[in-house]
Structure formats: C-alpha cells, structure tokens
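Reviewing the structure listed below.
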Amino acid sequence: MTQDALLKTLNELTTLIEAENLALEACRPHDAIAMLPVKKLVAARLAEMRLDASDADETLRQSLIKVRELSGKNATLLQLAIKAQENVIRLLTIPQEPNEQSCYGRSGSYATVQRLAPVVISAET
C-alpha cells in the first residue's frame, strides 16, 4: 500500500461523507441512504489498507483529521434525521380526537357537529 493510494481512498471517503452530510442537512435522507453502498465499499477498502499512523506524512494526517471531523458531524446529522423521522411517525400514529361530536341541537333533536382535527408538522427538533 502506498500513501498515494491511501490518500486517494481517504479523499473518496471525504467526498462521500461531505455529500451525505449535505443531503442530511437538506432533509433528503433518501439521497444519503442511496450513498451507503458506495460508502461501505470505500470504507472497507480503507480498512484493508491497514494504515500505520506513525508512517503518515502531514498531508495524510490532515486527511485523517478531516475524515474524523466529517464523521463526527455525520453522526450528529444522522441522529437528528432519526429523531425527525421518529417525530413524524409519532405525529402520524397518535390517536386523534373524533372528527364528529354528537349532541342535541336547539330543537331537541340529534345533531352532529363537524370538527377538523389539527395536525402540525415541524422541521424543528
């Protein structure tokens, strides 16, 4: 394994993580999910290279630092995306009040009052 090959693979991984982070920041989780197979392949290729950090030059060290920082941000964005999905599911599955309320009208006969159940969806977490 050469440092050039390692640096190239790290750059590929950096590009993928940056793209995934952009997709997550734009609330496009499906785009992020679509990148996962390629990301796994690049990460597996990187793992096979068995980097010895003591042999790394400054360029390689900086690439490793960048991957670590991007990965940390990626983990945070993924947790936020998961929480957002959980909130959507919770909003869609909580029981709603009945849309119709039965009561007696002014004339003493049976009357039905229509009510709309409010639903609020927020992108805030």
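Subtract the Cα-Cα distance of SER107 and THR76 from 0.36 nm times their separation in residues, and report this length gain in nm to one decimal.
Gain on extension, SER107 to THR76, equals 5.1 nm.
Starting from the Cα of ASP55, move 7 Å in the Cα-to-Cβ direction to define the label point; list residues of the stretch 3-25 whose amide nitrogen is under 11 Å from there.
Residues 3-4, 6 fall inside that zone.
Taking neighbour counts of Cβ atoms within 10 Å as a proxy for exposure, in what order, fewest first, do ASP55, ASP31 appear?
The order, fewest Cβ neighbours first, is ASP55, ASP31.
Here, each number is a calculation from the coordinates, and none is a lab measurement. Since the model is a prediction, treat every value here as computed from it, not as a measurement. Because the Cβ atoms are built from the backbone with ideal geometry, glycine has one as well, and the counts that use them run over all protein chains shown.
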